[in-house]
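Nothing in this text is a laboratory measurement; each read-out follows from the coordinates by a stated rule. For clarity, every value in this text was computed on a predicted model and none was experimentally measured. Note that each Cβ is placed from the backbone with ideal geometry, even for glycine, and that neighbours are counted across all protein chains shown.
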Amino acid sequence: MSSSRPSASSPSLSEIRFSAGQPEDLPSRLMELSAWNVTPSKSGITRQFTFRTFNDAWRFMNVVAEECKAKRHHPSWSNLYNQVTIEWTTHKPQGLSVKDVEMAVFCDRAADEIGLKTQ
């Protein structure tokens, strides 16, 4: 678990800035995202995906972009060759929302299907 994940030495769940009106199970759903990190602002989550090739990274971004259109929710993200870094947060109402967690789960599944680079 990364130091920016909720843990005894990092932001507790009570310190994370959740969007107003979120379901009560959102904190437990967030804890299931073991590969994701809480952002320094404590109002979002981020993860870096490393694929085998640039084409795999681009394919992943296209798959995620299509889901973003369908869900009407978009990330801040960047691509450098075979790496894609994604940050999910909600702007209105500000904070971490169920949409962010659902899209993170979608990203994890899409990356697994495409295949991440192994060490």
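A few comments on the model shown:
- Annotation note: chymotrypsin sites (Phe, Trp or Tyr not before Pro) in region 10-119 located in DSSP loop regions with a Cβ neighbour count of at most 15 within 10 Å are 81.
- Seen from all directions on average, the chain presents a Cα convex hull projection of 7.4 nm².
- Rough spin-label spacing in nm, given labels placed 7 Å along Cα→Cβ, for residue 29 and residue 74: 2.3 nm
- Helical contribution to [θ] at 222 nm, DSSP H n ≥ 4, -39,500 (n - 2.57), averaged over the chain, rounded to 500: -11000 deg cm²/dmol
- At full extension, residue 119 and residue 92 could sit 5.8 nm farther apart than now, given 0.36 nm per residue minus the alpha carbon distance.
- Here 86, 16 are placed in order of increasing Cβ neighbour count within 10 Å, fewest first, which gives 16, 86.
- The residue list 12, 118, 53 was ranked by how far each Cα lies along the charge dipole of the chain toward its positive end, using unit charges on Cβ atoms, and 53 comes out on top.
- Using a cutoff of 8 angstrom between alpha carbon atoms and counting only pairs six or more residues apart, the relative contact order for the chain works out to 30 percent.
- Extension gain for residue 52-residue 65 works out to 2.7 nm (0.36 nm per residue, less the C-alpha to C-alpha distance).
- By DSSP, the beta bridges lying fully in the chain are antiparallel in about 95 percent of cases.
- Inter-label distance for residue 102 and residue 81, nm, one decimal - labels placed 7 Å from Cα along Cα-to-Cβ: 3.7 nm
- By the rule of a C-alpha distance below 30 Å, with chain neighbours fewer than 8 residues away ignored, the lysines paired with residue 92 are 42, 69, 71.
- Total charge dipole magnitude, region 18-114, about the Cα centre, Cβ charges on Lys, Arg, Asp, Glu only, Debye to nearest 20: 300 debye
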